[in-house]
Structure formats: structure tokens, C-alpha cells
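Student: My questions all concern the structure below.
The values are calculated or read from the model by the stated rules, or taken from the named source; none is laboratory data. Every value quoted in this text rests on a predicted model; they were computed, and no experiment measured them. We place every Cβ from the backbone using ideal geometry, glycine too, and count neighbours over all the protein chains shown. Note: accessible area is taken over every heavy atom of the protein model, side chains too, but ligands, DNA and RNA are not part of it. Shrake-Rupley method; radii C 1.70, N 1.55, O 1.52, S 1.80 Å.
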Amino acid sequence: MDIIKGLDFKIQNSAVSLGKFDGIHKGHRLLLNEILKHKENIPTVFTFDVKSRDRKPESGMPVTRNVIYSQQEKEFLLNKLGIQREVLFPFNEVTRDMEPEEFIEDFLVGKMDVRFICVGEDFRFGKARRGNVGMLKKYASHYGYDIKIFHKLKSHDEIISSTLVRQKIENGEIKRANELLGETYFIMGEVVHGNKIGRTLNMPTANIVPESDKVLMPSGVYASTVELDGRLYKSVTNVGRKPTVGINAIGVETYIFDFDDDIYGKNIKVNFHEFLRPEKKFPDLTELKNQMELDKRNAANILKRL
């Protein structure tokens, strides 16, 4: 998949889906599957480059955890779905002040050569968010593109949205979050060296560090699976600070069943299936090891049903 950043580019023959595409949940997948149907055009996702957002580092305020998937994770999903191009629209003073008519004429038509647009009914764009789907429809015949607008998708009488998915993840409702996403919530990252406590307990773990702005579930232990080098392994994962051994930074620590290869420096994908228990501090490593053995058995029983 081609990644296009900034404003200085020109592409051809685009079937474009417009949106934030934070969670790439079931509602987003309706849009993405629609542009994939237009075989005569190139399926292209237009979204916002959140990393380019104007920031004030002198404020000293921490970055809020509000991104369901990192850019790397979004690219993985979009590529998996068959999207061929992603346009990352910079989010800064210049683009915020762009008139919606200018966005359509100069950007969608002039730079992206849009032939088909697929969008959710609440999409807004341009200065003061004045642009909407009505404006996109108004200019369709003038600029020669087709457009399809989707209503919000519901699940169990709840409107599927990135906000709802974030709430479920933050509340630890992983099974419900997975249902809304249309696939298992995951964290990708490079395996880094930890404190090697797991190895001393004969339970070596793979440690990854989630990006600082990524939404996380409550600290605790989860039944999980790990994708590595094209293979899927059953596992159990702790998300949190490991209070028993005095670790403060939030990490993702995974014990992979029946696996003891050296994978430091490799990228893994940890899929979260079900919550097992909250994180807790144990009086000593012996009790920690006993609990970890129980976690392994509980996770194995859950993963049998998948």
C-alpha cells in the first residue's frame, strides 16, 4: 500500500473513502468494502495525519491515550483489506482554514482525481467544519464523480463509533470491543528486553511497549494470541506496570505457549480475546509464579473455544 503524506502530490483515478478511520470498526469497513467494489478505480483512503497535529510542547501536558490503532497498525489493517493507497492529510493551521469548496476542487478533484466517493453521513470538513455530505453531493455532477453515503451502523441498539469502541476497551469489555471492530483488538510492536523475571520463573515472556497515545484496556491479564512470522500462537498477556517487581512504565508482556525462541527485535501482533483478572501485587515471586500457572490454564481453556 502506498502512503501519501503532505499536500504536494498528484494521483490518478481514485475511489476514495473519507474519514478518520481510527478504529477501522464495522462501520468503517462498510465504506472500505464499497470502494473495493469499484474495480476500475484505485481504492484510496483519505484520513488525517494525527502526528502532524499542531502541539504545544512547552505546555508539558501528557499526550492523551485516544488512538485505537497506531499508524503502523492502521496500515496493517488497510493493507490486509486490500486498500492500495492511504492519503494522510496534514492537520495544521493551513488545512484547518481551508474552505470546503477549495478542499473539493483543489484537493479531491485536483490532487486525487476522485472518480467515486464513499462517506459516512456525518463527515465534516473544511474551515469551521462547514463542509458536509450535502456539499459533496452538490458538486458531484459538476466535477464528474459519483458518491455514496452510508448511514450509521448499529449493533445491539448502539451506534458503532470509534468513541464507543474506545469506551469498551477502556472498560475492559474486550469481547464487546472485538464485536464492534469486526476483528480482535490488537497491539503491534517490537519485542524488547524486559527485566527477565519471567525467565527466572521458567515462563519467558515477549515484551512490547505500546505507543504513548494508544488506548489501552485496564491493567490486568488477558487470554491472547500472538502472530509472528505468519504463524498464530496461543498466549496469555499482562498489560500494566508489574507491581510485584516494581515496574512503573506500562508494558505489554506475553507468555507464548510452547515457545522459547529468541525473538528480540522482531515485530509481533498480540490479539486480545478475553479478560482474565486484574493486575495485582503478590507478596513474593513464588505466589506470582503460582498465579501465572493458573492464568495459563484459564487462558488455554478460553482459547479452546475460539
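Student: Can you find, within segment 257-299, the residue that is most open to solvent (accessible area, probe 1.4 Å) among those that are part of a loop (DSSP other than H, G, I, E, B) and closer than 30 Å to residue 75 by Cβ? Explain how you work it out, then say what you get.
Tutor: Restricting attention to segment 257-299, the residues satisfying the condition of being part of a loop (DSSP other than H, G, I, E, B) are 257-266, 279-284.
With the extra rule that they be closer than 30 Å to residue 75 by Cβ, the set shrinks to 257, 259, 261-266.
Details: 257: 33, 259: 34, 261: 102, 262: 120, 263: 15, 264: 81, 265: 44, 266: 82 Å².
Filtering first and then ranking leaves 262.
Student: So, residue 157, is that one under 22 Å from residue 35 (Cβ atoms) and charged (D, E, K, R) or not? First the steps, then the outcome.
Tutor: Working: under 22 Å from residue 35 (Cβ atoms): no; charged (D, E, K, R): yes.
So residue 157 does not fit the description; no.
Student: Now a separate question. Given the conditions (1) charged (D, E, K, R); (2) at pLDDT below 90; (3) open to solvent by less than 50 Å² (accessible area, probe 1.4 Å), which single one is not true for residue 211?
Tutor: That leaves (3) as the condition not met.
Student: Shifting gears a bit: Any residue at all in segment 118-127 that is at pLDDT 95 or above and open to solvent by 80 Å² or more (accessible area, probe 1.4 Å)?
Tutor: No.
Student: Let me ask something additional. Working only within segment 116-163, note down all residues that are in a helix (DSSP H, G or I), closer than 23 Å to residue 23 by Cα and more than 21 Å from the chain's Cα centre (by Cα).
Tutor: Quick first cut of segment 116-163, residues in a helix (DSSP H, G or I) only: 127-129, 133-138, 140-143, 162-163.
Next, from what is left, pick out any that are closer than 23 Å to residue 23 by Cα: 129, 133, 162-163.
129, 133, listed by residue number.
Student: Can you tell me which residue within segment 251-294, out of those that are without any contact (Cβ under 8 Å) to a residue 60 or more places away in the chain and of a type in the set (A, V, I, L, M), is nearest to residue 221 (Cα to Cα)?
Tutor: It comes out as 276.
Student: Mind telling me which of the residues 245, 236, 226 ends up being in contact with a helix residue (DSSP H, G or I) (Cβ under 9 Å, 6 or more places away or on another chain), open to solvent by less than 70 Å² (accessible area, probe 1.4 Å) and at pLDDT 95 or above? Steps first, answer last, please.
Tutor: Working: 245 fails: at pLDDT 95 or above; 226 fails: in contact with a helix residue (DSSP H, G or I) (Cβ under 9 Å, 6 or more places away or on another chain).
Just a single option satisfies the conditions, and that option is 236.
Student: Can you tell me which residue in segment 186-208 is modelled with the lowest pLDDT, limited to those that are open to solvent by less than 20 Å² (accessible area, probe 1.4 Å) and in a loop (DSSP other than H, G, I, E, B)?
Tutor: Of everything passing the filter in segment 186-208, 201 is modelled with the lowest pLDDT.
Student: Also: Given the structure, is residue 302 open to solvent by less than 70 Å² (accessible area, probe 1.4 Å), of a type outside the set (Ser, Thr, Tyr), over 22 Å from residue 208 (Cα atoms) and touching an Asp or Glu at 6+ places or on another chain (Cβ under 8 Å)?
Tutor: Numbers: open to solvent by less than 70 Å² (accessible area, probe 1.4 Å): yes; of a type outside the set (Ser, Thr, Tyr): yes; over 22 Å from residue 208 (Cα atoms): yes; touching an Asp or Glu at 6+ places or on another chain (Cβ under 8 Å): yes.
Considered against the rule, which asks whether it is open to solvent by less than 70 Å² (accessible area, probe 1.4 Å), of a type outside the set (Ser, Thr, Tyr), over 22 Å from residue 208 (Cα atoms) and touching an Asp or Glu at 6+ places or on another chain (Cβ under 8 Å), residue 302 comes out as yes.
Student: Another question, if that's okay. Please specify each residue of segment 174-185 satisfying the condition of being of a type outside the set (A, V, I, L, M) and either buried (at least 16 other Cβ atoms within 10 Å of the Cβ) or in contact with a helix residue (DSSP H, G or I) (Cβ under 6 Å, 6 or more places away or on another chain) (or both).
Tutor: If we filter segment 174-185 for residues that are of a type outside the set (A, V, I, L, M), which is where we start, we get 175-176, 178-179, 182-185.
Matches in segment 174-185: 176, 178, 179, 182, 184, 185.
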